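S.K.: This is the structure I want to talk about, given as structure tokens.
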Amino acid sequence: MIVIEEGLPTPLGAHFDGRGVNFALFSQHATRVDLCLFEPGARHEHRTIRLPCRTDDVFHGYLHGLLPGQLYGYRVFGPWEPAAGHRFNPAKLVLDPYAREITGRIRWHDALYSHRRGAAREDQIDRRDSAPFLPRCVVTRPETPDPIALPTSRPLHETVIYEAHVKALTMTHPALSDAERGTYLGLAHPAIIEHLLKLGVTALELLPIQAFADDRFLVEKGLVNFWGYQPYNYFAPEPRYLGDGDASGLRFAIRELAAAGIETLLDVVYNHTAEGDHLGPTLSFRGIDNASYYKLDPENPRRTIDCTGCGNTLDVAHPRVMRMVLDSLRHWVTVYGVAGFRFDLASSLGRAPHDFSPQAAFFQAVQQDPVLSRVKLIAEPWDIGMGGYRLGGYPYGWSEWNDQFRDNLRGFWRGDAGTLAKLTQGLSGSREIFLPSGRSPLASINFVASHDGFTLADVVAYAEKHNAANGEENRDGHGHNLSANYGVEGPTEDPAILGLRARQKRNMLACVFFAQGVPMLLMGDERSRTQGGNNNAYCQDNALSWMDWENDPDPTLTEFVANLVALRRACRSLRRRHFLIGSQVGETALKDVHWLSPDGTEMDEAAWADGERQAFGMQMSNDIEGSERVLILINAAREPCPFALPPALGGPWRPVFDTTLAVGAVPEDTRPAVSAGGTVALPERAVLVLKAPPALT
């Protein structure tokens, strides 16, 4: 027998205490909330219960005798006044923003919209029941933070990030069973972990796994939202990756990765939701309290402000919305063991209320939070709103995706004029970008490719995007790829072109891992994964996006990447926690960084101003004792470049890494010494790394 009691306004969500379930839902402008209970497979609720109490804008009630596993949703009553920003419609079932588990998928139907689609008046209310087409929330068992599952605390300067997709990484691996492929549990398979360890990866960054929707326009074209950037709940893991199990598979995977020394980072989307603009569906937030959850146009509250390109912007400046975001972040850390987050379009989180500020309440709340202040925080430092590009503008404790590093790196190796100085800025940690905010080189997340854009293999195989498979006549995706095909657009059997592409991949990867900051590798770049020139494969749940574990067109590239990571790990000078500024090292004649011209002289003003220059050297020491010295010689020209080593550098120097070699690492028994004053024959389009004994004082 279920008995209805008043219950408590906190915690929000549905919580089982061993005797019953407490339900609590925030809505500032609602007048009534009905709890709907469902039987499995039922299209309509079998019982509706009006939540009996309202405390500080939280509707709540306690159902004595209700057990975990119960399916539920809400119907929220209030004014239908779109002109004032209110879109309450109790005919629409809505999902609990705090639900810990979701079952089922959205089945697109016009009944999911609170307004009549296509009606003469946009604001004509639609009173059809949406319950048959919406997933259900699930009451879960109590969540007790597990100290074993708490994340590791690997420092940023030792971190190597691998950006991946749950399904794409695990879907085709021959060692995984059919039940494991495409699932959270597949991430824990020894074969997947072994591959990550072989590369030297220390952090697995997963594309969104918070419950998300497949956009209606994609479903109608037979496509899906593969990347997952359309969330409708921030606490529940996306059901499609559960397989035949439950969320325990995700917890197990994160724990197994942590046991192997690999942290799990989540790509999170707190800038917008799947409900789109004012003409979008009612799935959760819009029907619960549209005027609280979203930023509305103050001149026309019926419309949402769109800083994201997705139709709406979550109003994190609202105290209750900010609390939801913070509660969600803590939930993933304490319950699942997540070690950090990459925030999609993070500038929207700092709009207080409309202009970005690094002192925004959200950033301050995270900085003082005893849980969140200890995890890794990475911003995608832009959105599409006015003033939204904020690279370098985030506060202490945050790192940022450095798209300028990516663009300058691609442009330099493509042969673009005027890019050498910009590349050296990135190699030395992007001091000009991040120092003004008081941060170190570790604020810079360095990459040559990410999920958004060309893969590395496509950067060297396609001059133009080829997105026809997305069904938008190749209009989607950006055209600023800074790529080159080296003679043939796409696949070729020309050995000269293939050889050059292989060299250029290695050159760009070397710069990523030898740069000061935190390196990030895109899933499959170590196996030359191609998307056929598609630079916006967000809707491609097929072989175009999946890792190909059977075929590897460049079979030594994985070992090359592993050797890159190993060299970075062995050389402290490649993992500095302070910027290189050209200061003297101890009592030696060396500086912490020397920038060299091929003739052996230190680069002067004229050399830096030479926009056609394509070769340079970078000599570094790691600390004031000068106990380690590394010399990186780079030549992006199409001709070899003899490089003189000045006497001031001392010696002898021995080559340790060479991108003209398939695996990069120079065998120890073939490392000829080069004395100061000697000359190194630097091949065309190559990176050569040399090491020398400690400098004498």
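The values are calculated or read from the model by the stated rules, or taken from the named source; none is laboratory data. Since we're looking at a predicted model, the values are computed, not measured. Backbone-built Cβ (ideal geometry, glycine too); neighbour counts: all protein chains shown. To get the accessible areas, we keep the full protein, side chains included, count just its heavy atoms, and leave off ligands, DNA and RNA. Shrake-Rupley method; radii C 1.70, N 1.55, O 1.52, S 1.80 Å.
S.K.: Hey, could you get me the Stokes-Einstein D for the stretch 222-327, Kirkwood radius over alpha-carbon pairs, 20 °C and 1.002 mPa s, rounded to whole µm² s⁻¹?
M.R.: In µm²/s, the coefficient is 137.
S.K.: Shifting gears a bit: Cβ under 10 Å from residue 387's Cβ, residue 387 left aside: what net charge do those residues give with Lys, Arg +1 and Asp, Glu -1?
M.R.: Computed value for this residue: 0.
S.K.: Same structure, new question: Beyond a 22 Å Cα-Cα separation, which of these cross-linked pairs lie in this structure: 167/198; 591/691; 376/465; 422/505; 198/505?
M.R.: 376/465
S.K.: Say each of residue 552 and residue 361 gets a label point 7 Å from the Cα, pointing the same way as Cα to Cβ; how far apart are those two points in nm?
M.R.: In this crude spin-label approximation the distance works out to 5.2 nm.
S.K.: While we're looking at this one, here's another question. Please give the FRET efficiency for residue 662 paired with residue 581, using the beta carbon to beta carbon distance and R0 = 30 Å, rounded to the nearest 0.05.
M.R.: Approximately 0.25, to the nearest 0.05.
S.K.: Once you place label points 7 Å from the Cα toward the Cβ at residue 5 and residue 654, how far apart are they in nm?
M.R.: 7.5
S.K.: Also, I was wondering about something else. Calculate one ³J(HN,Hα) per residue across the stretch 155-170 by plugging θ = phi - 60° into the Karplus curve 6.51 cos²θ - 1.76 cosθ + 1.60, and present them in order as whole Hz with x for glycine and proline.
M.R.: Computed from phi, the couplings for the stretch 155-170 are x, 4, 5, 9, 8, 10, 9, 10, 8, 8, 10, 3, 6, 4, 6, 10 Hz.
S.K.: Pull up all non-local amide H partners of residue 629: gap of 5 or more, or a different chain, and H-to-H distance under 5 Å with H placed in the peptide plane.
M.R.: Under 5 Å from the amide H of residue 629: 692.
S.K.: Moving on. Would you kindly work out the equivalent ellipsoid of the stretch 484-584 from its C-alpha gyration tensor and give its semi-axes, the square roots of five times the eigenvalues, largest first in whole Å?
M.R.: 30, 17, 14
S.K.: Okay, moving on. Taking Cα atoms, how many degrees apart are the long axis of helix 190-199 and the longest axis of the chain, rounded to 10 and kept between 0 and 90?
M.R.: 40
S.K.: Can you run phi through the Karplus equation (6.51, -1.76, 1.60; θ = phi - 60°) for the stretch 324-332 and list ³J(HN,Hα) in whole Hz, with x for Gly and Pro?
M.R.: 4, 5, 5, 4, 5, 4, 4, 4, 5
S.K.: Moving to a separate point now. Please say if the stretch 113-255 is rounded, prolate or oblate, where rounded means a/c under 1.5 for a ≥ b ≥ c the square roots of the C-alpha gyration tensor eigenvalues, and otherwise the choice is prolate for a/b larger than b/c and oblate otherwise?
M.R.: It is prolate, given that a/c is not under 1.5 and a/b is the larger ratio.
S.K.: Quick one: what do you get for the stretch 314-367 if you divide its Cα Rg by 2.2 N^0.38 Å?
M.R.: Taking the Cα Rg and dividing by 2.2 N^0.38 Å, one obtains 1.13.
S.K.: To test your reading of the geometry: what angle, between 0 and 90 degrees and rounded to tens, separates the Cα axis of helix 557-570 from the longest principal axis of the chain?
M.R.: Compared with the principal axis, the helix lies near 80 degrees.
S.K.: Provide the net charge surrounding residue 154, with neighbours chosen by a C-beta distance below 15 Å and charges set as Lys +1, Arg +1, Asp -1, Glu -1.
M.R.: So the surrounding residues net to +3.
S.K.: Right, another one. Taking a quarter of the surface of the Cα convex hull of the stretch 312-455, what do you get in nm²?
M.R.: 9.6
S.K.: Moving to a separate point now. If I stretch the segment between residue 55 and residue 157 completely, what's the gain in nm (0.36 nm per residue apart, minus their alpha carbon distance), one decimal?
M.R.: 32.0 nm
S.K.: A follow-up question, please. So what is the relative contact order for the chain, in percent, with contacts set as C-alpha pairs under 8 Å and at least six apart?
M.R.: Value for the chain: 10 percent.
S.K.: Can you list the GluC sites (Glu not before Pro) in the stretch 417-493 that are in a DSSP coil and have 10 or fewer other beta carbons within 10 angstrom?
M.R.: Those satisfying the criteria are 473, 493.
S.K.: Accessible area, 1.4 Å probe, largest first: how do 620, 1 sort?
M.R.: My answer, sorted largest first, is 1, 620.
S.K.: Determine the principal axes of the Cα atoms in the stretch 34-156, then give the extent along each, sorted from largest to smallest and rounded to whole angstroms.
M.R.: Principal axes ranked by extent give 58, 45, 34 Å for the Cα atoms.
S.K.: Same structure again: Which residues' amide hydrogens lie under 5 Å from the amide hydrogen of residue 81, considering only partners 5 or more residues apart or on another chain, with H built in the peptide plane?
M.R.: For residue 81, whose amide H was placed from the backbone, the distant partners under 5 Å are 86, 87, 88.
S.K.: How big is the accessible area of residue 522 in square angstrom, nearest 10, if you roll a 1.4 angstrom probe over the protein chains?
M.R.: Residue 522 exposes around 10 Å² with every protein chain in place.
S.K.: Does the stretch 1-69 come out rounded, prolate or oblate by the C-alpha gyration tensor, with a ≥ b ≥ c the root eigenvalues, rounded set by a/c under 1.5 and, if not, prolate when a/b is larger than b/c and oblate if not?
M.R.: Taking the square roots of the gyration eigenvalues as a ≥ b ≥ c, the stretch 1-69 is oblate.
S.K.: Let me know the Rg and Dmax you get for the stretch 422-518 when you use only its Cα atoms, in Å.
M.R.: 16.3, 50
S.K.: Can I ask one more? Around residue 596, which amide H atoms from residues at least 5 apart in sequence, or from another chain, sit under 5 Å from its own amide H, with H modelled in the peptide plane?
M.R.: So residue 596 has HN proximity to 603, 617, 618, 619.
S.K.: Counting other Cβ atoms within 10 Å of each Cβ, which trypsin sites (Lys or Arg not before Pro) in the stretch 626-697 have at most 14 and sit in a DSSP loop?
M.R.: Here the sparse-neighbourhood loop sites are 638.
S.K.: Taking all protein chains as present, what is the carbon and sulfur share of the accessible area of the stretch 334-394, in % to the nearest whole number, probe 1.4 Å?
M.R.: 54
S.K.: A follow-up question, please. Kirkwood hydrodynamic radius, computed over distinct alpha-carbon pairs, for the chain: how many Å, to one decimal?
M.R.: By the Kirkwood definition, the hydrodynamic radius is 26.9 Å.
S.K.: Take the Cα pairs of the stretch 52-98, get the Kirkwood Rh, then feed it into Stokes-Einstein at 20 °C and 1.002 mPa s and tell me D in µm²/s.
M.R.: After rounding, the answer is 165 µm²/s.
S.K.: Going by a ≥ b ≥ c, the root eigenvalues of the Cα gyration tensor, does the stretch 328-396 fall in the rounded group (a/c under 1.5), the prolate group (a/b larger than b/c) or the oblate group?
M.R.: Prolate.
S.K.: Still on this structure: From the phi angles alone, apply the Karplus equation (6.51, -1.76, 1.60; θ = phi - 60°) to the stretch 464-476 and give each ³J(HN,Hα) in whole Hz, x where the residue is Gly or Pro.
M.R.: 10, 6, 9, 10, 4, 4, 7, x, 10, 6, 6, 7, 7
S.K.: Which loop GluC sites (Glu not before Pro) in the stretch 254-357, with loop taken from DSSP, have no more than 10 other Cβ atoms within 10 angstrom of their Cβ?
M.R.: 299
S.K.: Also, quick follow-up: Round to the nearest 10 and give me the degree value, 0 to 90, for the angle of helix 403-414's Cα axis relative to the longest principal axis of the chain.
M.R.: With both axes taken from Cα atoms, the answer is about 40 degrees.
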